[in-house]
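Inspection log for the structure reproduced underneath, given as structure tokens.
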Amino acid sequence: MANPTTQRESLLAGQALGLRYRLALPRAALRGRNGVRLGVQAGASLDFHDYRDYHPGDDLRHLDWGVYARSDKEVVRLFREEVAPHLDLVLDCSRSMRLEGTAKAAAAVSLAAACAAAADNAQCSHTVWLAGERVEELTGSRHDPAVWREPDFDAAVSPDAALLNAPPAWRRHGVRVLISDLLWPAEPAAVLRRLADGAAALTVIQLLAREEEAPDWRGPHRLEDVETGGRADLLIDAAACAAYGAALARLRDGWSTACRGCGAAFAPVTAERMAAGGRLAALETCGLLEAV
Amino acid sequence: MVFAFPYALAGVAALAGLVAVYTFRARFRRRPVSSLMLWRQTIRPSRGGLHRDRLRLPPLFYLELAALAALVAAAIGPHVLRPGLGALTVVCDTSVSMTARDASGASAQDRAVRALRADVRRGRYARVRLILAGANGPEPAGTVPPAQAAARLAETACLGPSDTLEASLARACELSEKTDEVLVLTDRPPPAGDTLRPGVRWLSFGSIEANTGITYADRSPREGGTEALLVEVAGFGRPEGTRAPLRITARAPDGERTLFEGVVDLGHGGRGRLTLDLPPGTPALAITLQPDALDTDNRALLLPDTPRPVASAVRIADAALRRTVERALAATGRFRADASEPQIIFTDHPANDSGAPAAPWQVVFTAPAAPRLVRGPYLADRSHPLLEGLSFDGLVWPAGTNALPGRVLLFAGSAPLLSVDAPPRRAPVIHLVTTGAGDALYRTAAWPALIWNLAQACAEAQPGPASRNLRAGVTAPFMAGRGATEAVFETPGGTLTLRTHAGRAIWAPPVPGLYRMMLPGGKSEPFAVNLFAPGESDLRGRMTGRWSGVQDGERLQRTHRSFAWLPGLAALLLAGIHHGVLGRKISDTVAAPDRT
């Protein structure tokens, strides 16, 4: 991905990237509303699904008269149902996602656009939810990413607080994706439980800048939390960086473990390397996307 | 405000600035982060008290610091002593004011000795040349090893009535080479307006002190063998009306006796006078004042100094002329008749043995040939002492046509009237043209004056000092006798031998004290030399200070060798390393984004 300078360019770049993928839908996601995708249950499509014995009240138009003639048994033909799978994408819009000097914001909207484009390829509807002060639907997010409103990333609260305050009207049996840096104190299991409730699948994408994954600063620094405004004067040396790396590893391990516990997938993504090689390797690995 | 090394000062300021820039730049650079959650886990717990972190600065800082420090060092201009230095010529003021002591009891000479010792220790001179600026002019005191210079100066007696610093300094500069230094040690500042030449340092160690001293004393003979004593005392820095205690003692062979003990009132200008009548036969007088800052001017010694009578003999056949001469001799009181061993003979026929070394003076009365009376004009050699104070206006003189031997002192037109024939190592013969006692010359004032001048000249020509009471530093004649080629003196500093010219030595005794002139036949003539130097007794113009005819930089170049090139080269090297490191760092920074 070239270096987009605006979120609009990032959206378009993410959309172009997502066209190479298709959202990998689990079986559990092929339920719900009628749509254009064949579901896992019997429905009203033209595709034969199964036979079953006739029960009073069944539509006589589905009675297989050939089987009745041969075996004198009343058998009803069942057809596959057609469903409309859905992707609910939750985008962390806290200030930390627009960290100064990093590509996190651009990477986040590109990632969201790529997932939306991949969902379109999978004939899957999509909704982008912005987890700011509250969880709100991104205007235009049900349509093409090119018409999305650009998210602001100016919330001062973490996504779990937003989910708790105003839980969104997510589609049941939908695929849910959380894009966040996860750099907020929370109990992963509780957050995941809230996210996975009623979902067919859940993928947590941790988007971090390179300097957040492996800071290479040295010397005394005054660290300022962009969300809380808190400050900490630290002398950062190799030992401090190693301790930071260990803490980050523990955080990822905690989220990964929690994801596995609830059947969700966890995918760490580096903002600056998100589109390296023109592939979203991390999302392929975790099974969220599959190449077209 | 003037700084010795302005560039170094700027460098030091840059050093401070560099440290400040790096320190403040290194201290808590602001860096926004997504969350402090993970960073808080890196904070090390404090165990057993406060933990102090060492300030970490990049290597570039130390490189820049070292380069700046090297530049500062180069700007300061470090020097090392040259291995071989020139000579130090020390001009020492030996005037008596150098011995004046301040309240602590130290004299300017003491301080000068200490300064010279310290200077020699610092200077690493190859040798030290001493020149004493005595009253009689520059006196080279030899070349000594530097370690002995201060001791030599301490041994030098500073008793001169004046100094000759300017002349001595000129002599020192003549003797010094380009790399040599000249050091003047005195108690007074250099003359106002004078500019010291490069390489000359003028160190003054004087101190302003009030001082009372004897500025003049003399005993004058009077009739009847009595004498009059005059003592003048000056109080420099003393208020008017001060009373100076004074004591006068007579030093007779049988002991001392006090002639006067009292005070002298110092009147206008701080000066006071005391006059005493001395009885006949008063021996040597010692005059003393109470001790004060300068001791030497508190003492004076006056020897009896009655004019020495001249033994004379009158061998003139003309009775009238003889009586006229004898009357004139008696009128002066300077002659005593001694026909056996006369020192001067008045005669009308010259003796043939006048060429002997011990021959007496002769005054030959010569009759003129073909005499004719003349009224002048008279041509007189006024430079000769015999004609001092003589006037011949209106005098009628019987001049002749005969020539006179020797140097003619008086002409009447072209006719010689008076001459002196003084060949080397022989007694002078004075020829006077006269026709007899009836000449008008003997009835004028010129005649007794001429006889007086004869007595004076003959007395002064006798062996011994011209006066028994002399003033230090004042030139006086000393007759060693006809034929003598040298005059020997016993001085306070030892025996001194001077070469004579025409049996006479001209000398200025440099220091006060009792002297003795050795005469032929084992005899000796004592004479006293007193200070009587108001300029030395007056300590109000003394000063402590330092003047230099050379800038410090020039003196530094004279004695030291600069190695500013070394830190300069180091600064250049460090700057090169810094440039290399910085260039590498910049290229790394530029290349870093490509790795993404």
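The values are calculated or read from the model by the stated rules, or taken from the named source; none is laboratory data. No experiment lies behind these values; they were computed from the predicted model shown. Reconstructed Cβ throughout: ideal geometry from the backbone, glycine too, with neighbour counts over all protein chains shown. The protein model used for the area step is the full one, side chains on, heavy atoms only, and it has no ligands, DNA or RNA in it. Shrake-Rupley method; radii C 1.70, N 1.55, O 1.52, S 1.80 Å.
A few comments on the model shown:
- Distant-in-sequence amide H partners of residue B:79 (H built 1.01 Å from N, under 5 Å): B:563
- Percent RCO, i.e. relative contact order, over segment A:141-257, from Cα pairs under 8 Å lying at least 6 residues apart: 21
- Label-to-label distance, nm, for residues given as residue A:193 and residue B:10 (7 Å Cα→Cβ offset): 7.4
- Mean separation of Cα contacts under 8 Å (6+ apart) over length of chain B, as relative contact order %: 16
- Trypsin sites (Lys or Arg not before Pro) restricted to segment B:220-279 and DSSP loop, no more than 13 other C-beta within 10 Å: B:222
- Rh by Kirkwood over Cα pairs, then Stokes-Einstein D for segment A:175-292 at 0.692 mPa s and 37 °C, µm²/s: 208
- Check: chain B dipole with +1 on Lys, Arg Cβ and -1 on Asp, Glu Cβ, in debye: 4020
- For residue B:378, the amide hydrogen comes within under 5 Å of no other amide hydrogen, counting only partners 5 or more places away or on other chains and with H modelled in the peptide plane.
- Between the beta carbons of residue B:445 and residue B:375, assuming R0 = 25 Å, the FRET efficiency works out to 0.90 to the nearest 0.05.
- If you plug the beta carbon distance of residue B:581 and residue A:231 into 1/(1 + (r/R0)^6) with R0 = 51 Å, you get a FRET efficiency near 0.95.
- Cα centroid of segment B:331-400 to Cα centroid of segment A:180-223, whole Å: 142
- Per residue of peptide B:144-151, the mean number of Cβ atoms on other chains within 10 Å of the residue Cβ is 0.
- Cleavage-rule hits (trypsin sites (Lys or Arg not before Pro)) in segment A:154-209: DSSP loop, at most 15 neighbouring Cβ within 10 angstrom: A:172
- With kT/(6 pi eta Rh) evaluated at 20 °C and eta = 1.002 mPa s, and Rh the Kirkwood radius from Cα pairs, segment A:137-194 diffuses with a coefficient of 160 µm²/s according to Stokes-Einstein.
- When the trypsin sites (Lys or Arg not before Pro) in segment A:54-101 are filtered for DSSP coil states and for at most 13 other beta-carbon atoms within 10 Å of their beta-carbon, the remaining sites are A:73.
- Acute angle (nearest 10 degrees) that the helix B:446-460 long axis makes with the longest principal axis of chain B, alpha-carbon atoms: 60
- Once backbone amide H atoms are built at 1.01 Å from N, residue B:271 has B:235 as its partners under 5 Å, excluding neighbours fewer than 5 places away on the same chain.
- On Cα atoms only, tilt of B:165-175 relative to the major axis of chain B in degrees: 70
- √(5λ) per eigenvalue of the Cα gyration tensor, segment B:486-538, largest first, Å: 24, 13, 9
- With one equal scatterer per alpha carbon and no solvent term, the Debye-computed log10 I(q)/I(0) for segment B:52-169 at 0.10, 0.13, 0.22 1/Å reads -0.48, -0.62, -1.18.
- Using a cutoff of 8 angstrom between alpha carbon atoms and counting only pairs six or more residues apart, the relative contact order for chain A works out to 21 percent.
- Cα gyration tensor of segment B:251-368 - equivalent ellipsoid semi-axes, whole Å, descending: 48, 17, 14
- DSSP H segments from chain A that extend 24 Å or more along their own axis, Cα-based, with Kyte-Doolittle mean of -1.0 or above: A:104-121, A:238-261
- Estimated translational diffusion coefficient (Stokes-Einstein, Kirkwood radius over Cα pairs, 37 °C, 0.692 mPa s) of the protein assembly as shown: 80 µm² per second.
- Cα long-axis angle, helix B:59-76 against chain B (0 to 90 degrees, to the nearest 10): 10
- Counting all C-alpha pairs of segment B:299-404, share separated by more than 16 Å (%): 72
- Residue with peak Gaussian network fluctuation, chain A [Cα springs, cutoff 10 Å], from A:238, A:186, A:201: A:238
- Averaged over peptide A:233-240, the number of partner chain Cβ atoms lying within 10 Å of each residue's Cβ comes to 5.
- The base-10 log of I(q)/I(0) for segment B:137-200, evaluated at q = 0.14, 0.16, 0.27, 0.30 Å⁻¹, reads -0.47, -0.62, -1.53, -1.56 [Debye formula, identical scatterers on Cα atoms, solvent excluded].
- Here chain A yields Rg over Rh of 1.10, to two decimals, using C-alpha coordinates and the Kirkwood radius.
- Pairwise Cα separations in chain B fall into 10 Å bins from 0 onward with the following percentages, short to long: 3, 12, 15, 15, 14, 12, 8, 6, 5, 4, 3, 2, 2, 1, 0.
- Convex hull volume of the Cα atoms of segment B:119-261, normalised per residue: 207 Å³.
- Accessible surface for segment A:113-253, divided over its residues, is 38 Å² per residue with a 1.4 Å probe.
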